[in-house]
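In what follows, a single structure is set out as structure tokens and then discussed.
The values are calculated or read from the model by the stated rules, or taken from the named source; none is laboratory data. Given the structure is predicted, the values throughout are model-derived calculations rather than measurements. Note: ideal-geometry Cβ built from the backbone for every residue, glycine included; neighbour counts use all protein chains shown.
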């Protein structure tokens, strides 16, 4: 029998989602190799529970195609951000979620993206210098452009105005002249201050920086993306006020849109937290919001996620993270992976061949490693903080859907009898 408003983990494994009663957070980490049942056994059943609002990472677009009608029948507002086919998408404009200059700095950082890590040596100077110019440009648009012109297209236009002048030129570039007017009107403007930091370099160095930033932004300069990002129709805070299912479609093979996708997820989390803190009773969203993030360690890279996941429970926000192994999470988030794992009070292991993950599960279960490596297909281990591990069987989606249909028929029959 299906339990309403419950967290579904496996067959006959339903858990209370009232944090005040359980004293646990609702963050769930699901670890399992490809084909182990993460989507069919956990994501889809929990989505169809229709418990609160959802922001769903949908790498192939299949979840939207298959289930948006079911949720719409249950009274949900349905939105889709499609980064693979933006012409078929609702609209998203990150300028709508800027509240301070610090937000602008973060946006510039995320658009440029990290180009260096422990395994790939890359001089951080170029990225940092590019971020200085991009911060100044976004700041200029936000503070000095009319609202209708605060778009990604305006960023491309101002970058074009930054073409480096010839040596000895007095007039400077068109962007130089804009920034001089800003300085004259507001000497303390951080827009101008960041631009001055960028202009410290020699002309050839600045030209190299411009080439780099133009190359980084070039992937986003298309008629479809410009139209997609010229306004905002999803209204992130509305997700916490009205039952909404927002499907975020992003290719699992084409990585060109990753920076914009990561920027959206970062802004969504921060915006909902800010709304809860400043506009909501008891500093909690009127409707709980769950982020269901498939391929979390490959498709999503949320800025400062290890800090965010530590503090979202009190705002009525939770996450369900799907990864293939703990090593995959460590590769994406480095040392912060331990913090992310530690802040998920429910951990589900569906099997796999990664030895490091298997050792960690073996230690948690206090059983031999080979029993973890050879665990039968379609079984799992469930760990809940404060409880003994449970060895369960995966939920079969077809059985769950049949149960839903039976429940709906019973409800419809009761309504008919009442009439």
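Please work out which one of (1) over 17 Å from residue 87 (Cβ atoms); (2) in contact with a helix residue (DSSP H, G or I) (Cβ under 6 Å, 6 or more places away or on another chain); (3) assigned to a helix (DSSP H, G or I) is the condition residue 226 fails and give its number.
Of the numbered conditions (1) over 17 Å from residue 87 (Cβ atoms); (2) in contact with a helix residue (DSSP H, G or I) (Cβ under 6 Å, 6 or more places away or on another chain); (3) assigned to a helix (DSSP H, G or I), the odd one out for residue 226 is (1).
Name the single residue, out of those in the range 1-28 being buried (at least 19 other Cβ atoms within 10 Å of the Cβ) and touching a helix residue (DSSP H, G or I) at 6+ places or on another chain (Cβ under 6 Å), that is farthest from residue 247 (Cα to Cα).
Taking the candidates together, the pick is 25.
Have a look at 268, 276, 245 and point out the one that is closer than 21 Å to residue 58 by Cα, at pLDDT 95 or above and in a helix (DSSP H, G or I).
On inspection, the qualifying residue turns out to be 268.
Here is a yes/no grid of residues against (1) out of contact with any strand residue (DSSP E or B) (no Cβ under 8 Å at 6 or more places or on another chain); (2) outside the structural domain of residue 304 (by TED's automatic domain parsing); (3) over 29 Å from residue 22 (Cα atoms):
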site	(1), (2), (3)
327	yes, no, yes
331	yes, no, yes
337	yes, no, no
344	no, no, no
350	no, no, no
356	yes, no, yes
364	no, no, no
379	no, no, no
390	no, no, no
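Pairs under 7 Å by beta carbon, first residue free of Cβ contacts under 8 Å to residues at least 40 places away in the same chain in the range 237-265, partner surrounded by fewer than 18 Cβ atoms within 10 Å (Cβ to Cβ), six or more apart or different chains?
So the pair list comes out as 256/219.
Determine whether the range 40-63 contains at least one residue that is surrounded by fewer than 16 Cβ atoms within 10 Å (Cβ to Cβ) and out of contact with any strand residue (DSSP E or B) (no Cβ under 9 Å at 6 or more places or on another chain).
Yes, the conditions are met somewhere in the range 40-63.
Among the residues of the range 81-94, are any under 30 Å from residue 392 (Cβ atoms) and either assigned to a loop (DSSP other than H, G, I, E, B) or at pLDDT below 95 (or both)?
No, the range 81-94 has no match at all.
Kindly establish whether residue 107 is more than 16 Å from the chain's Cα centre (by Cα), modelled with pLDDT of 95 or more, buried (at least 16 other Cβ atoms within 10 Å of the Cβ) and part of a helix (DSSP H, G or I).
no
Checking residue 388 against (1) modelled with pLDDT of 95 or more; (2) surrounded by 14 or more Cβ atoms within 10 Å (Cβ to Cβ); (3) within 25 Å of residue 45 (Cα to Cα), only one condition comes out false. Which one?
Failed condition: (2).
Restrict the check to the range 367-378 and report whether at least one residue is within 29 Å of the chain's Cα centre (by Cα), outside any helix (DSSP H, G or I) and surrounded by 13 or more Cβ atoms within 10 Å (Cβ to Cβ).
Within the range 367-378 (the criterion being within 29 Å of the chain's Cα centre (by Cα), outside any helix (DSSP H, G or I) and surrounded by 13 or more Cβ atoms within 10 Å (Cβ to Cβ)), the answer is yes, since at least one residue qualifies.
Would you point out the residue of the range 286-311, among those that are under 21 Å from residue 7 (Cα atoms) and free of Cβ contacts under 8 Å to residues at least 60 places away in the same chain, that is surrounded by the fewest Cβ atoms within 10 Å (Cβ to Cβ)?
311
Hey, among 337, 358, which residue is in a helix (DSSP H, G or I) and more than 26 Å from the chain's Cα centre (by Cα)?
358
Looking only at residues in the range 248-265 that are part of a loop (DSSP other than H, G, I, E, B) and closer than 23 Å to residue 106 by Cα, which one is nearest to the chain's Cα centre (by Cα)?
Only one residue fits best here, namely 250.
Matching residues to (1) out of contact with any helix residue (DSSP H, G or I) (no Cβ under 9 Å at 6 or more places or on another chain); (2) assigned by TED's automatic domain parsing to the domain that holds residue 111; (3) surrounded by fewer than 19 Cβ atoms within 10 Å (Cβ to Cβ):
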residue	(1), (2), (3)
182	no, yes, no
187	yes, yes, yes
190	no, yes, yes
201	no, yes, yes
212	no, yes, yes
216	no, yes, yes
